[in-house]
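First up is the structure itself, then whatever we jot down about it.
The values are calculated or read from the model by the stated rules, or taken from the named source; none is laboratory data. Source: prediction; values computed, not measured. Glycine gets a Cβ as well: all are built from the backbone with ideal geometry, and neighbour counts include every protein chain shown. Side chains included, ligands, DNA and RNA excluded: accessible areas come from the protein's heavy atoms. Shrake-Rupley method; radii C 1.70, N 1.55, O 1.52, S 1.80 Å.
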Amino acid sequence: MISGLEPVELPADAVEVGRVQGAWGIKGWIKVQPYSASPEALFSCKRWFLLPPERGPKAAFDGPARLKIKEARQHADAAVASAHGLADRDAAEALKGARIFIPRSSFPTPEEGEYYWVDLIGLAVVNREGVALGEVADLMSTGAQQVLVVGYQQAGKPCERLIPFVDAYVDEVDLQARRIIVDWQADY
């Protein structure tokens, strides 16, 4: 086991938020590719849970492990972090490819009208007339706005609709009912 990692169980509400790209500098810092353009949840949590990479060379650690973070911050197009027990570049490099998870309960509370992508995945999407358009399969950022990727079946084949996640098209997001109501038609 790598120094600084503690074997643990992955929390039930764990959400994958990024991946270790490798070492940053010579003092044990790691470079992280966050999955969000605004990785506040990653920066606010002081305990990250790691899983080995899904593909590639065998990881230097097995199973879920916890890494105690001293400091994490934005750096250019990525993030960097310092952790207890990672003393040098070799220790940090051994984590390359590790997937980073944090408990959903550790996410900062979003402002009114703001949502975490992870909370939108799986919600049913219906239009104002009550026509089911599918289910949120993913979201993507186009720079100017976020776009809902809504999956549905047509003639037994999987299809996607892209609906801009903006007030002009999204009437309501009801997390409790697991539904998004949109001003969108099935033939758009």
Computed for the chain: size of charge dipole around the Cα centre, +1 on C-beta of each Lys and Arg, -1 on C-beta of each Asp and Glu, debye to nearest 20, value 1020 debye
Using θ = phi - 60° and the Karplus relation 6.51 cos²θ - 1.76 cosθ + 1.60, list the HN-Hα couplings for the stretch 38-53 in order, rounded to whole Hz, with x at every Gly or Pro.
-> 10, x, 4, 4, 5, 6, 7, 8, 9, 10, 9, 10, 10, 10, x, x
Would you work out the relative contact order for the stretch 1-133, in percent, from Cα pairs under 8 angstrom that are 6 or more residues apart?
-> 34 percent
When a/c is below 1.5 the answer is rounded, else prolate if a/b is larger than b/c, else oblate, so apply that to the stretch 80-153 with a ≥ b ≥ c taken from the square roots of the Cα gyration tensor eigenvalues.
-> prolate
Summarise the accessible area of the chain (1.4 Å probe, protein heavy atoms) by the percent that is carbon and sulfur.
-> 49 percent
Positive end of the charge dipole of the stretch 1-108 (Lys, Arg +1 and Asp, Glu -1 on Cβ, about the Cα centre): tell me which of 91, 105, 11 has its Cα farthest that way.
-> 91
From the square roots a ≥ b ≥ c of the eigenvalues of the alpha-carbon gyration tensor of the stretch 9-59, which class results: rounded (a/c under 1.5), prolate (a/b over b/c), or oblate?
-> oblate
First check a/c for the stretch 13-96, with a ≥ b ≥ c the square roots of the eigenvalues of its C-alpha gyration tensor; if it is under 1.5, answer rounded, and if not, answer prolate when a/b is larger than b/c or oblate otherwise.
-> rounded
In the stretch 62-188, what percentage of the DSSP-assigned beta bridges are antiparallel, given to the nearest 5?
-> 85 percent
What is the gain in length, in nm to one decimal, between residue 177 and residue 157 on full extension, counting 0.36 nm per residue of separation less the C-alpha to C-alpha distance?
-> 4.5 nm
Which net charge results when you count Lys and Arg as +1 and Asp and Glu as -1 among the other residues whose beta-carbon is under 9 Å from that of residue 27?
-> 0
So what's Rg/Rh here for the stretch 104-145, counting alpha carbon atoms and using the Kirkwood radius for Rh?
-> 1.03
Which residues' amide hydrogens lie under 5 Å from the amide hydrogen of residue 47, considering only partners 5 or more residues apart or on another chain, with H built in the peptide plane?
-> 69
The chain accessible area per residue, 1.4 Å probe, protein heavy atoms, integer Å², reads 56 Å²
Coil-residue trypsin sites (Lys or Arg not before Pro) of the stretch 12-77, DSSP, other Cβ within 10 Å capped at 10 = 55, 58
Looking at the stretch 115-188, which trypsin sites (Lys or Arg not before Pro) are in a loop (DSSP not H, G, I, E or B) and have at most 12 other Cβ atoms within 10 Å?
-> 128
Could you tell me which label, among [x] 25, 21, 14; [y] 37, 17, 15; [z] 31, 20, 14, carries the value of semi-axes √(5λ) of the Cα gyration tensor in Å calculated for this structure?
-> [y]
Projected onto the charge dipole of the chain (+1 at Lys/Arg Cβ, -1 at Asp/Glu Cβ, origin at the Cα centre), which of 41, 145, 181 gives the Cα projection farthest towards the positive end?
-> 41
